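In what follows, a single structure is set out as structure tokens and then discussed.
Every read-out reported here was derived from the displayed coordinates using simple, explicitly stated rules and does not represent laboratory data. Note that the coordinates shown come from a computational prediction; the quantities given were computed from them, not determined experimentally. Every residue, glycine as well, gets a Cβ built from its backbone with ideal geometry; the counts of neighbours run over all protein chains shown.
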Amino acid sequence: MQYRPAGEDGRAIAELVAAEILLAQARGTWPHLKTCANLACGVCFYDTSPNRSRVWHDTKTCGNVSNLRASRARRRTG
Ligand SMILES: [Zn+2]
């Protein structure tokens, strides 16, 4: 399948993104597309885990930072 945007510049990009979203929804891949749970990061990634449970784009960077913060908060209140 081939398609082209009808608009130009930013509008063309928005049209292509909308077309890809519709295709992803039709193919069932849309739920795999996620944004990292670290708000300071914001990286988009494709979750390939069997139950789509990933929340960090990279556990070693964003996941460890978040887990360390939670651990320190528990120590302060505990
Ligand atoms: Zn991240």
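For the range 55-72, a residue qualifies if it is of a type in the set (Gly, Ala, Ser) and more than 10 Å from the ligand (Cβ to nearest atom), and the qualifying residues are 70, 71. Taking the range 9-38 as the range and being of a type in the set (D, E, K, R) and in contact (Cβ under 8 Å) with a residue 12 or more places away in the chain as the test, only 34 passes. Residue check: residue 49 meets all listed conditions (1) exposed (fewer than 10 other Cβ atoms within 10 Å of the Cβ); (2) polar (S, T, N, Q); (3) closer than 30 Å to residue 5 by Cβ but one, namely (3).
Under the condition of being within 17 Å of residue 53 (Cβ to Cβ) and under 10 Å from the mean Cα position of the chain (by Cα), which residue from the range 31-42 is nearest to the ligand (Cβ to nearest atom)? Across the range 31-42, the extreme among qualifying residues is 36.
Residues in the range 3-42 that are within 28 Å of residue 66 (Cβ to Cβ), among the hydrophobic types (A, V, I, L, M, F, W, C) and part of a loop (DSSP other than H, G, I, E, B): 36, 37, 39, 40, 41. Of everything in the range 43-54 that is of a type in the set (D, E, K, R) and more than 21 Å from residue 69 (Cα to Cα), the residue that is nearest to the ligand (Cβ to nearest atom) is 47.
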